[in-house]
Amino acid sequence: MARHHLQGRKKPHLSRVRSKLRKEKLNHSKKTKKKRELEKLQAEVKRAAKLSQAQQYTFFRATEAILCVGEGNFSFSAALAEKMHALRRDPESGGGVIATCLDDKSILRQKYTDSKANVKRIEAAAGAVLYGVDGTCLHEREEFSHAFDKIVFQFPHLGSGEKSVDRSVHQHQHLLRSFFESARRCLKRLKTSEIHVTLKEGEPYKSWQVVSMASSGNNEIQCRTVLPFVAADWPGYEHRRTQGFDERSSQKDNTEIAKGAKTYIFAFRKEYLDALEANGED
């Protein structure tokens, strides 16, 4: 009679097999955890490098004329105006901040009760405030034509309450395209002239495709760099929603941008400026 091929061999005990599988699973889990920790550390190093780059980058010069568009409570413009004023050695050297908002004065003060104090800060720092200025029609104001070194739009948002994600994305893309089309006509034609747009990270803002919207329909401007927006760099800055501040739905202390935000910096293409110079245009 033929003997079974396993006969005489010691059968593996089920508990030992399970123990071995648990150890292998534990080792795999430890390796995965270490890999995640390494990736997290690498991400932190990368972010720290970007922050260092942001600190080294000279956003604004004391003598530059700067236009802030779509302001809410004017806290960013106020912080910027005070920084500019502190850097300006000669009061007659020109430059300064013009802060604008879409709302008229009465509506703005209803929406943002802290705006009045921030307007006073801007004016005390030799800046100016304009109400009822549409950021998509800047070029229609004759005094804005090629008048600014920098144009800044912090956290553009329609605040329409549109429920459809797709429609909302298209609406905000249209807003950005219209803004860039208008803003570029208000920049001085210099290699140092820039448009700054700050957006929250993640969706739906990523789908707005701000870089593509900037060059849509023109070949004049391009993205120069992207840097993290650090609210702490702007003393007194408090992020606000487009529809205004409401303690029932809004958050203080910049909590709404705590997950991260980026400033996209756009400038004229070198080829465009070279062509202007060749044609004798300034």
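The values are calculated or read from the model by the stated rules, or taken from the named source; none is laboratory data. Being a predicted model, the structure only gives us computed values, none of them experimental. As a convention, Cβ positions derive from the backbone with ideal geometry for all residues, glycine included, and neighbour counts pool all protein chains shown. Ligands, DNA and RNA are excluded from the accessible area calculation, which covers all protein heavy atoms including side chains. Shrake-Rupley method; radii C 1.70, N 1.55, O 1.52, S 1.80 Å.
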Mind giving me the FRET efficiency for R109 and L276? R0 is 41 Å, r the Cβ-Cβ distance, nearest 0.05 is fine. 0.45
Give me the accessible area per residue for the stretch 94-187, probe 1.4 Å, as a whole number in Å². 48 Å²
For the stretch 122-238, which whole percent of the accessible surface, found with a 1.4 angstrom probe, sits on carbon and sulfur atoms? 47 percent
Computed from the beta carbon distance with a Förster radius of 35 Å, FRET efficiency for L87 and E256 to the nearest 0.05 stands at 0.75
Determine the shape class of the stretch 95-219: with a ≥ b ≥ c the square roots of the Cα gyration tensor eigenvalues, call it rounded for a/c under 1.5, and otherwise prolate if a/b is greater than b/c, oblate otherwise. oblate
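Based on the mean of other Cβ atoms within 10 Å per residue, sort peptides 140-148, 160-168 so the most packed one is first.
140-148, 160-168
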So how much slack lies between V165 and S212, counting 0.36 nm per residue of separation and subtracting their Cα-Cα distance, in nm? 15.0 nm
